[in-house]
Amino acid sequence: LVAGVGKRVVVLDAADPAKLKLVGESLPLGDSIYDVDAQGDLVAVAAWRGGLHLFRLGKTGNLEPLGTWQGGEARRFQWRGKHIYLTTGKGGLRILDVSDPQGLKVVGALRGIDICGISLHGDLAYGALGPGGLNVMDIGDPAHPKQLSILYKPTAPTDRKNAAYNVAVADGILYVCPGPAPSTLR
């Protein structure tokens, strides 16, 4: 089990869920951990103002640092093949090629929007824009993402019903979290 705790990534042995055992951890990554995901033995970590970090997870639980992208904030991300679709707050969307984990590079970007969460479905990406609603983007060509539309656009700064702070797609259904309680999941 790999998780973010404060500014570090920890690796836990969860063989006995009642007795989690710490088997590895990273050095502090510069800021709070916003997101963690593993693909095989590669672990990606979004550390807010500390950037995006890639590690190789060893068999004993050790984390070997591989590469870092520090071109702006690193909030939430989704991994698809050799690309990571990274939300960077006011920096918009960055699409990183991670095929060479030690040489992360941006291959596409969509700037000018404040994205706090993302979910991918086919050639579409849904970006949660917080008080700005939900952005729909075409990511069919990772080098040239395009904004298509905004759904649930709030009608006023106090319109929390149409805000979108997180988003997920599962089985063809789009789930949108408009923010803290008492808001209702759409």
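We did not get these values from a lab; they are worked out from the coordinates using the rules stated. What you are looking at is a predicted structure, and each value in this text was computed from that prediction instead of being measured. Virtual Cβ from ideal backbone geometry, glycine too; neighbours counted across all protein chains shown.
Pairs of Cα atoms under 8 Å, at least six residues apart: use those to get the relative contact order of segment 1-90, whole percent.
Taking the mean separation of contacting Cα pairs over the length of segment 1-90, I get 20 percent.
Provide the gained length on full extension for the span D171 to D31, in nm with one decimal, where the gain is 0.36 nm per separating residue minus the Cα-Cα distance.
Here the segment from D171 to D31 would lengthen by 47.0 nm.
For segment 57-89, list residues with backbone N below 20 Å from a point placed 7 Å from the Cα of D16 toward its Cβ?
Within reach of a label on D16: 60-61.
Under a straight-distance cross-link criterion of Cα-Cα below 15 Å, which aspartates and glutamates are reachable from K59, leaving out those fewer than 8 residues away in the same chain?
Hits, sequence-local ones excluded: D13, E25, D41.
Suppose every K and R has +1 on its Cβ and every D and E has -1 on its Cβ; what is the size of the dipole of segment 1-109 about the Cα centre, in Debye to the nearest 20?
About 240 debye.
Sequence neighbours fewer than 8 away in the same chain don't count; with that in mind, list the lysines whose C-alpha is under 20 Å from K7.
In chain and number order, the partners are K21.
(i) 17.1; (ii) 16.5; (iii) 19.0: which one is Kirkwood radius over Cα pairs in Å as calculated from this entry?
(i)
Calculate one ³J(HN,Hα) per residue across segment 49-59 by plugging θ = phi - 60° into the Karplus curve 6.51 cos²θ - 1.76 cosθ + 1.60, and present them in order as whole Hz with x for glycine and proline.
With the stated coefficients, segment 49-59 comes to 6, x, x, 9, 10, 10, 10, 9, 8, x, 5 Hz.
Express the relative contact order of segment 44-186 as a whole percentage, based on alpha carbon pairs under 8 Å and six or more residues apart in sequence.
This gives 14 percent for segment 44-186.
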